[in-house]
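Below you'll find the structure, written out as structure tokens, and then a few comments.
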Amino acid sequence: KLKNNKQIIENDYSEIEFDRESNLLILNKNSAKGVSTLDGKMIVPLDYDNILIGGTYISAYKENKKLVFDYSGNQIETSFTSYNKVDDNHAIVIDENNNYNIVDKNDNKLLKGEYVYIEHFSKDLYIATQGNRTGLISSAEKILISMKYSTMQKIEGTNLLQATTPDDGRVDLINENGEITTGINNAKITKKDDYLVMSSGSERKYFDMNGKETTYQKINQNNKLYASYKNGKWGFVDANQKVVVDYKYDFVTEFENGVAGFKTNGLWGVLSDDGKIKVEATYQINSNDVKFLSKYYEVDNGIGVPMYSGDKVENED
């Protein structure tokens, strides 16, 4: 490892693993492991069979013995193998039985149940998993949402959770007060600048950043037409809910910059905001998460980078 062209870590290790949470290096030499800082300071000697970093604790194992250190290399007398401070009064730990728990500032366990995972969500709310089901609890083990979801995770950049039911794959939204808004089966959530889109192959819902359901008409009041769903088909209505484009499409996008996409018989085309076809249904796009820009379209390449395709137009109107 080099810093300012000066070698910090010697080239005599068989493996160096970087732990992103702690910004520490786990070093391996001849099957012996230790821990150093990025500046090369050894804080846990190269004398252990295994090293695990959990929260602010470093657990070092040798034969049947375990020692726990802090990030400065000071040995700690504790039975916990992981310690993540939430606030001045609470921390999430992994105990001697490999169960998650919440402790107070004196390291007293606050939960009586056995949990395989706990993550802080908001205020005094925690995502908690028992067996293969997940719910929402408080630090006093008050059940805010029972263990009924198969997954529950934070939506990046919001104070919301998305939770999936195990039987039908319905995706619900949960706000920071633990209130549930029922969603759509087998849906995907996409975060826009100031709203969320929840969509499946046939349905779509919009939510504000507080998790309250809204409409695209309220989000974008300047559009001429808005997507509408009825009897299993999609069409478009105006601001007064008058049908302008009949309900005949398998799926559509909302209008952006005067154009929208429509899907029929597995192929996509483009409409202008007067309801007329701009491009016939000729594009084969293996996603409903698509944005049309005139006669071109934008899709995600799978790693968060947009890709553009479509017909080349010599004289764009």
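The values are calculated or read from the model by the stated rules, or taken from the named source; none is laboratory data. Computed from a predicted model, the values in this text were never measured in an experiment. Neighbour counts run over all protein chains shown; Cβ positions are idealised from the backbone, glycine included. Side chains included, ligands, DNA and RNA excluded: accessible areas come from the protein's heavy atoms. Shrake-Rupley method; radii C 1.70, N 1.55, O 1.52, S 1.80 Å.
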Compute a Gaussian network model of the chain, connecting alpha carbons closer than 10 Å, and tell me which residue from Phe255, Phe121, Phe18 fluctuates the most. Phe18
Given unit charges at Cβ for Lys, Arg (+) and Asp, Glu (-), the dipole magnitude of region 17-64 about its Cα centre in debye, nearest 20, is 80 debye
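Rounded to the nearest 20 debye, what is the charge dipole size of the chain about its Cα centre when +1 sits on each Lys and Arg Cβ and -1 on each Asp and Glu Cβ? Working shown, then result.
Numbers: 38 positive and 48 negative charges, 80 e Å.
That gives the chain a dipole magnitude of about 380 debye.
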Can you list the lysines whose alpha carbon sits under 21 Å from that of Lys154, skipping same-chain ones fewer than 8 residues off? Lys85, Lys123, Lys142, Lys188, Lys191, Lys192, Lys205, Lys212
Rounded to the nearest 10 Å², the 1.4 Å probe accessible area of Asp168 is 60 Å²
To the nearest 0.05, the calculated FRET efficiency linking Asn106 and Thr190 through their beta-carbon distance, R0 being 35 Å, is 0.20
In the set [x] -0.47, -0.69, -1.20; [y] -0.60, -0.78, -1.18; [z] -0.35, -0.56, -1.42, which value of log10 I(q)/I(0) by the Debye sum over Cα atoms at q = 0.07, 0.09, 0.16 Å⁻¹ was calculated from the structure you see? [x]
Note: Ile143 to Lys41 extended length (0.36 nm per residue) minus current alpha-carbon separation gives 32.2 nm
How high is the FRET efficiency between Lys123 and Leu293 when r is their beta carbon distance and R₀ equals 41 Å, given to the nearest 0.05? 0.50
Calculated FRET value between Glu77 and Asn159, using beta carbons and R₀ = 35 Å, to 0.05: 0.40
Calculate, in nm to one decimal, what Gln221 and Asp274 gain on full extension: separation in residues at 0.36 nm each, minus their alpha carbon distance. 17.5 nm
Loop GluC sites (Glu not before Pro), region 171-277 (other Cβ atoms within 10 Å of the site Cβ: 16 or fewer; DSSP): Glu176, Glu179, Glu203
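What is the extension gain from Glu21 to Leu267, computed as 0.36 nm multiplied by their sequence separation minus the C-alpha to C-alpha distance, in nm to one decimal?
That works out to 84.0 nm of additional length.
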